[in-house]
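This report concerns only the one structure given below.
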Amino acid sequence: MRYFKKVLAITVKDLLLEAHTKELTPAMLVFSLIVIVIFNFSFEPGMQNSDIITPGILWIAFVFAGMLGLARSFAEEHEQESIRGLMLAPVDHSAIYLGKTLSNLVFLFCVEIISVLAFGIFFNINIFPILPGLAVVLGLATPGFVAVGTLYAAMASNIRLREILLPVLLFPIIVPVLIAAVKITGSVLQGQPLSDVSGWLNLLAAYDGIFIIVGVLTFEYVIEE
Amino acid sequence: MDKDGNVIIRAEGLAKSFGHTRALKGIDLTVRSGDFWLIFGPNGAGKSTLIGILATLLKQTKGKLTIDGIHSGNDIVELRRKIGVISHQTFLYGDLTAYENLSFYGRLYGIDNLKTKVLHMLAEMGLADWADERVRNFSRGMQQRLTIARALLHGPSILLLDEPGTGLDQHAMRHFYHLLGDLHSQKQTILMTSHNLTIGLEKCTHLAILAGGRIVFSARKAELDGKNFEEIYFQYTEKERK
């Protein structure tokens, strides 16, 4: 219980920092909306095969916006070496990982919710009947992406070219999440039941579990000097 | 009373290598409750590595370390409760207020009556009027005072300082060392590293010289008996250079 209180303290600190600075989430949101708007001009709403294309557009927006946020997620920790302050605290270092993952998750969920609404407007799709299905896919795909992304962001945080290096390192490892998320989102947009894509849902759930455990077990070695 | 008499730090044969580079080559150190150790050394002597190991931020390659009766290999989480660290970096968040910074660290240490303790600590450091000001707007001296508050908030057995005067102007430096002197007079155990021979000497109880990864000289300050420490320092560090 004390462990989770400390995880929560780190998350709340990140949310408080973001509330003060408003640096990360607005940039992520603008980026995501720009992607949606650009694709909206390229592919006219109602065109043939739009069901196949649109899930990909949505996930490109989420992943690139997420990358932007992840690349900056450890910046504050290095400005005054606060990461060392966290490492000195009497708590297992995995709590730092879980706290940072949770705050990254909150930021990306906020961006996703607004982006989905904008997506519905720009692509003339009635989002509300399919919201539960979208909630399931976002709720399963985003934690996996953020879990592995937070771990890689911590690895890249000391590197000068982290903004460039992070996507290069991260994309190969999130391919399973992306494929599954696009497949499920496509199915949801076509109004099919989630049971049709249960295999992909199981893959996402397994991916989430595996990478959260990997992050918890390896974070200590990632941040040690 | 700690489990090993009144010994707070017992280091035996501490060594640390980074690849082929041997940063520490076997450090033996015994710090007792209420001591104020000042460890001098030139750049690259291994001062920050030593503090890093004592603070549990680095793992020693060889040797044993016990702090306040807890062996570093046994319960590292509990051991961290015994330590407060002040470095030339503040470990503070510039975009949080002074109050928010201390509250955050207080929550990480699981401190009871946190609000009262944070406000008390801010008042002790003369920062009560700036509690709701963002740390980014503080002068370097004010930031360093807040750093002391952060390091002392959980009541550590020992305060480790790694070149804390870096970046402070003469006034802030003087104020900072007054605060350290006050803490020591309240029986706070302190171990500090520095390369500046002009500061801290009058406050400390023990002196040591670290050069080439070894403690090449150590003495109680009273044993120096009027000898010129600067001469001793150059004598030992030059010898190591050769």
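Any residue at all in the stretch B:44-53 that's in contact with a helix residue (DSSP H, G or I) (Cβ under 7 Å, 6 or more places away or on another chain) and surrounded by fewer than 23 Cβ atoms within 10 Å (Cβ to Cβ)? Show your work before the answer.
Start the filter on the stretch B:44-53 by keeping residues that are in contact with a helix residue (DSSP H, G or I) (Cβ under 7 Å, 6 or more places away or on another chain), which leaves none.
Checking the stretch B:44-53: not a single residue is in contact with a helix residue (DSSP H, G or I) (Cβ under 7 Å, 6 or more places away or on another chain) and surrounded by fewer than 23 Cβ atoms within 10 Å (Cβ to Cβ).
For the stretch A:65-127, please list each of the helices (runs of 4 or more DSSP H) lying entirely inside it that holds at least 2 residues being among the aromatic types (Phe, Trp, Tyr) and more than 18 Å from A:GLY144 (Cα to Cα).
Values: elements: A:75-79, A:82-88, A:94-122.
By residue number, A:94-122.
Checking the condition within 28 Å of A:GLU163 (Cβ to Cβ), touching a residue at least 12 places away in the same chain (Cβ under 8 Å) and aromatic (Phe, Trp, Tyr), which residue from A:PHE43, A:PHE64 passes? Can you show your working first?
Values: A:PHE43 fails: within 28 Å of A:GLU163 (Cβ to Cβ).
Just one listed residue meets the conditions, A:PHE64.
Restricting attention to the stretch B:54-70, and to residues there that are crowded, with 20+ Cβ neighbours inside 10 Å and away from chain A (no Cβ under 14 Å), which single residue is farthest from B:ARG22 (Cα to Cα)?
B:THR66
Quick check, is B:ASP35 at the interface with another protein chain (Cβ under 9 Å from one of its Cβ atoms), under 30 Å from B:MET173 (Cβ atoms), touching a His at 6+ places or on another chain (Cβ under 7 Å) and not hydrophobic (A, V, I, L, M, F, W, C)?
Working: at the interface with another protein chain (Cβ under 9 Å from one of its Cβ atoms): no; under 30 Å from B:MET173 (Cβ atoms): yes; touching a His at 6+ places or on another chain (Cβ under 7 Å): yes; not hydrophobic (A, V, I, L, M, F, W, C): yes.
When the stated conditions are applied, B:ASP35 does not pass them.
Pick out the one residue from B:LEU197, B:LEU159, B:LEU210 that is surrounded by 22 or more Cβ atoms within 10 Å (Cβ to Cβ) and more than 13 Å from the chain's Cα centre (by Cα). Before you say what the answer is, go through the steps one by one.
Numbers: B:LEU197 fails: surrounded by 22 or more Cβ atoms within 10 Å (Cβ to Cβ); B:LEU159 fails: more than 13 Å from the chain's Cα centre (by Cα).
B:LEU210 is the lone residue from the list that is surrounded by 22 or more Cβ atoms within 10 Å (Cβ to Cβ) and more than 13 Å from the chain's Cα centre (by Cα).
Does A:MET28 fit the bill of being buried (at least 16 other Cβ atoms within 10 Å of the Cβ), within 14 Å of another protein chain (Cβ to nearest Cβ) and not aromatic (Phe, Trp, Tyr)? Explain how you work it out, then say what you get.
Numbers: buried (at least 16 other Cβ atoms within 10 Å of the Cβ): yes; within 14 Å of another protein chain (Cβ to nearest Cβ): no; not aromatic (Phe, Trp, Tyr): yes.
Taking the combined requirement at face value, the residue does not satisfy it.
Going residue by residue through the stretch B:213-220, is there one that turns out to be under 24 Å from B:GLU124 (Cα atoms) and part of a loop (DSSP other than H, G, I, E, B)? It would help to see each step written out before you state the result.
The initial filter retains those residues of the stretch B:213-220 that are under 24 Å from B:GLU124 (Cα atoms), namely none.
For the stretch B:213-220, residues under 24 Å from B:GLU124 (Cα atoms) and part of a loop (DSSP other than H, G, I, E, B): absent.
Tally up the residues in the stretch A:131-162 that are touching a Lys or Arg at 6+ places or on another chain (Cβ under 8 Å) and of a type outside the set (S, T, N, Q), please. Show your work before the answer.
First pass over the stretch A:131-162, keeping only residues touching a Lys or Arg at 6+ places or on another chain (Cβ under 8 Å): A:150, A:153-154, A:156.
The next check asks that each one be of a type outside the set (S, T, N, Q); those that pass are A:153-154, A:156.
Residues that pass the stated criteria total 3.
Is it true that A:GLY139 is small (Gly, Ala, Ser) and either over 26 Å from A:ASP196 (Cβ atoms) or crowded, with 16+ Cβ neighbours inside 10 Å (or both)? Step through it out loud before you land on a result.
Working: small (Gly, Ala, Ser): yes; either over 26 Å from A:ASP196 (Cβ atoms) or crowded, with 16+ Cβ neighbours inside 10 Å (or both): no.
For A:GLY139, the condition - small (Gly, Ala, Ser) and either over 26 Å from A:ASP196 (Cβ atoms) or crowded, with 16+ Cβ neighbours inside 10 Å (or both) - is not met.
Report, by residue number, each residue of the stretch B:88-135 that is polar (S, T, N, Q), assigned to a helix (DSSP H, G or I) and within 14 Å of chain A (Cβ to nearest Cβ).
Taking the stretch B:88-135 as the starting set, the residues that turn out to be polar (S, T, N, Q) are B:89-90, B:97, B:101, B:103, B:113, B:116.
Among the residues that remain, those that are also assigned to a helix (DSSP H, G or I) are: B:101, B:103, B:116.
Result: B:ASN101, B:SER103.
Are any of the residues in the stretch A:73-81 among the hydrophobic types (A, V, I, L, M, F, W, C), at pLDDT 95 or above, under 24 Å from B:GLY94 (Cα atoms) and surrounded by 19 or more Cβ atoms within 10 Å (Cβ to Cβ)? If you could, list the steps in order and put the result at the bottom.
We begin by selecting, within the stretch A:73-81, every residue among the hydrophobic types (A, V, I, L, M, F, W, C); these are A:74-75.
From the residues that got through so far, the ones that are at pLDDT 95 or above too are none.
No, every residue in the stretch A:73-81 fails to be among the hydrophobic types (A, V, I, L, M, F, W, C), at pLDDT 95 or above, under 24 Å from B:GLY94 (Cα atoms) and surrounded by 19 or more Cβ atoms within 10 Å (Cβ to Cβ).
Restricting to the stretch A:50-89, name every residue that is within 8 Å of chain B (Cβ to nearest Cβ) and either out of contact with any strand residue (DSSP E or B) (no Cβ under 9 Å at 6 or more places or on another chain) or on the phi > 0 side of the Ramachandran plot (or both). Walk me through it before giving the result.
Narrowing the stretch A:50-89 to residues within 8 Å of chain B (Cβ to nearest Cβ): A:76, A:79-82, A:84-89.
If the condition is that a residue be within 8 Å of chain B (Cβ to nearest Cβ) and either out of contact with any strand residue (DSSP E or B) (no Cβ under 9 Å at 6 or more places or on another chain) or on the phi > 0 side of the Ramachandran plot (or both), then A:GLU76, A:GLU79, A:GLN80, A:GLU81, A:SER82, A:LEU86, A:MET87, A:ALA89 are the ones that fit.
Give the residues of the stretch A:12-61 that are part of a loop (DSSP other than H, G, I, E, B) and either charged (D, E, K, R) or under 18 Å from the mean Cα position of the chain (by Cα) (or both), sorted by residue number.
So the first thing to find is which residues in the stretch A:12-61 are part of a loop (DSSP other than H, G, I, E, B), and the list is A:22-23, A:43-49.
Scanning the stretch A:12-61 gives A:LYS22, A:GLU23, A:GLU44.
The values are calculated or read from the model by the stated rules, or taken from the named source; none is laboratory data. From a predicted model like this one, the values you see are computed outputs, not experimental measurements. Don't worry about glycine lacking a Cβ; one is built from the backbone with ideal geometry, like all the others, and counts go over all protein chains shown.
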